[in-house]
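Heads up, the thing below is written out as structure tokens.
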Amino acid sequence: MSGFAGIVIALLGAAIAVALPGIGSAIGVGLVGESASGLVTEQPERFGQTLLLQALPGTQGIYGLLSGFLIMIRIGVFSGQLADLTVTQGLEIFMAAIPIAIVGWLSAIAQGKTVAAGVGLIAKRPEDLGKVITYGAMVETYAVLAFLSTLLLVRGVAV
Amino acid sequence: MRGAKTEYAYAVARVRALETGLLDRSKIERMVEAKDADEALKVLGETPYAPAVGQLQSVYEYEVILRQEIAAVRELFRKISPHPELTDLFFLRYDVLNLKLLIKGKLLGQEVGEFLVPAGTIPPEKLAAAVANSNWKELPSELAAAARRAEESLAEEADPQLVDTLLDRAYYAHLTRVLGERGEEFLRTLVSLQVDLTNIKTFIRVRHVAGGDAVRVRELLPRFFLPGGRLTLDYFLAQAEEPLTAFADRLAKDSIGPVVGEGVAFWQREKSLTRYEKLADDFLLAYVKKSRLIAFGAEPLVAYLWAKENEIKLIRIILVGKINGLPAAEIRERLRDVYA
């Protein structure tokens, strides 16, 4: 019974690691897409620039997916034999998923807003694309830090 | 970050892209330097106004394209704004303009159709029909009440000025109420600054008309005073006896201080308000420019409309000046800042 509860909690961890940053990225990418459409309606030649910007808030979803995969490998989803985890072990894995789940989710939305505002900036000054990417990259830092801590935590759990 | 109106993302980006098409200083300067009105119009034909300019038969029809331009901005906002009713508040001005003409025209038995501006929220023909039947249902409550009162009072005494004041006051009351209710602080402040600047102008004029008679000032000012400003009617009435310079000094620390100070000084030298009007317009345009710091919201849209109206004012000043053969220096003196 304890093995069953442990693995379910760990799977829940994998699920939120993938789902929450994915939702955040979808919102962020969507928002930049709306801004980009506004600009491209008036200046179609700006598609390339805006596509680059739109991709920025998408990374959180990728970090989330990688974190989820890592957890799945640790608990034996791919080997066909789910690990027999205690409730404590399951909770440890769940906790390990939390940094990327929460930070990935909210930072993707924040990054989306930053970059969408930047679309207004490059509407006037196309040469400022680099500045907008830099502003977006500042937000990215915290998603990377959260991803890193999830990686270390998942590796640290004794299964 | 909370409360960011991200539903405006598309509209704001589109408007920012359109802002690049606004006339800059050098284009305006070239129009001023043009040797006559036709050449000034030719310069305008090299800008985004090109298609409209191409349709003109003569320079004297310029007013047509300027009107169409505002109507086009409203069309655009109706399509792209998530809350077009909010931006419509700023087009309601043209309904008020039309309404004044129609009500006065009706009582004087004059046809005013050709002077109506098609940029308001109600099509001119529909508004004309409404006025003909005294049916005010389409109008916001404040304006409906004012229109009713204007018609009644005009029937009693033929004072066309009263129609203007009644409707203007209703318009600003409506604008401040709705913007306040919707928590649009930036726009609410914009309107209150505009009202203050207008009331100060009225104050200067009324004092001039009253010829130093404070009792007469106290009697006249409340009739023309607009609601919604930061400076109350009592504030003005309390200073009816003091000299204008003291009034200007008292406002020196306020954001509108420099406008009032310089405007009043010019008024006392030349007995003309053109300098004050130019400074007031530039001040409001500078305030509107601050909307560049707002990434999502109705503010950048209203700013674009404001910039467009300012641009149209510039074009009008230049073309009227050119048609009347004013020298370039004199035209330049009247010109406002540009938004771009």
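What follows is calculated from the coordinates using simple rules that are stated; it is not laboratory data. Quick caveat: nothing in here was measured; it's all calculated off a predicted structure. Heads up, the Cβs are rebuilt from the backbone with ideal geometry, glycines too, and the neighbour counts pull from every protein chain shown.
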Q) Cross-link partners among lysines for B:Lys137, C-alpha distance below 16 Å, same-chain residues fewer than 8 apart left out? A) B:Lys126
Q. Taking the Cα-to-Cβ direction at B:Glu125 and at B:Glu33 and moving 7 Å from each Cα, how far apart do the two end points lie in nm?
A. 4.6
**Q.** Shape category assigned to chain B from the gyration tensor of Cα positions, a/c cut at 1.5
**A.** rounded
Q) Across the protein assembly as shown, how large is the tail of the calculated P(r) beyond 43 Å, expressed as a percent of all Cα pairs? A) 34
Q.
Sort A:Tyr142, B:Tyr94 by Cβ crowding within 10 Å, fewest neighbours at the top.
A. A:Tyr142, B:Tyr94
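Need one word for segment B:1-124: rounded, prolate or oblate. Basis is the Cα gyration tensor (sqrt eigenvalues a ≥ b ≥ c); a/c below 1.5 gives rounded, then a/b vs b/c decides. Walk me through the intermediate numbers first.
Numbers: a/c = 2.68, a/b = 1.06, b/c = 2.52.
Because a/c hits 1.5 or more and a/b fails to exceed b/c, segment B:1-124 counts as oblate.
Let's test the formula: R0 of 25 Å, r as the Cβ-Cβ distance of B:Ser272 and B:Glu157. What FRET efficiency results, to the nearest 0.05?
After rounding, the FRET efficiency stands at 0.20.
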Q.
Whole angstrom only: what separates the Cα centroid of segment B:267-332 from the Cα centroid of segment B:80-138?
A. 24
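Can you give the charge dipole size of the protein assembly as shown about its Cα centre, rounded to the nearest 20 debye, using +1 on the beta carbon of Lys and Arg and -1 on the beta carbon of Asp and Glu? Intermediate values should be presented prior to the final figure.
Values: 55 positive and 58 negative charges, 151 e Å.
It works out to roughly 720 debye.
For segment B:185-294, what class follows from the C-alpha gyration tensor (a ≥ b ≥ c being the square roots of its eigenvalues): rounded when a/c is under 1.5, otherwise prolate if a/b is larger than b/c, else oblate?
Values: a/c = 2.18, a/b = 1.54, b/c = 1.41.
Prolate shape, in that a/c is at least 1.5 and a/b is the bigger ratio.
Please report Rg over Rh for segment B:84-184, where both radii come from the alpha carbon positions and Rh follows the Kirkwood definition.
Numbers: Rg = 13.1 Å, Rh = 13.6 Å.
Reported Rg/Rh, Kirkwood definition of Rh: 0.96.
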Q.
What FRET efficiency comes out for B:Arg250 versus B:Tyr60 if R0 is 35 angstrom and r is the Cβ-Cβ distance? Round to the nearest 0.05.
A. 0.15
Q: With a length cut of 20 Å (Cα positions projected on each helix's long axis) and a Kyte-Doolittle mean of at least -1.0, go through chain A and give me the DSSP H helices that pass.
A: A:2-42, A:59-74, A:87-124, A:129-156
**Q.** Cα principal axis extents for chain A, largest first, Å
**A.** 62, 23, 20
Q) Across peptide A:38-51, how many C-beta atoms of other chains are within 10 Å of each residue C-beta, on average? A) 3
**Q.** Label-point gap, in nm, between B:Leu107 and B:Glu46 - each point 7 angstrom along Cα→Cβ
**A.** 5.0
Q | Helix runs (DSSP H) in chain B reaching 27 Å along axis by Cα, Kyte-Doolittle at least -0.5 | A | B:62-80, B:160-181, B:185-210, B:299-323
Q. Using a Förster distance of 56 Å, how high is the FRET efficiency between B:Glu138 and A:Leu152, based on the Cβ-Cβ distance and rounded to 0.05?
A. 0.25
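Within a 10 angstrom radius of the beta carbon, how do B:His83, B:His208 rank from fewest other beta carbons to most? Present the calculation step by step, with values, prior to reporting the outcome.
Values: B:His83 17, B:His208 14.
Listed from fewest to most nearby Cβ atoms, that is B:His208, B:His83.
For the residues B:Met31, A:Met138, what sequence is obtained by ranking on other C-beta atoms within 10 Å, fewest first? Mind dumping the intermediate values first?
Working: B:Met31 27, A:Met138 10.
So the ranking, lowest neighbour count to highest, is A:Met138, B:Met31.
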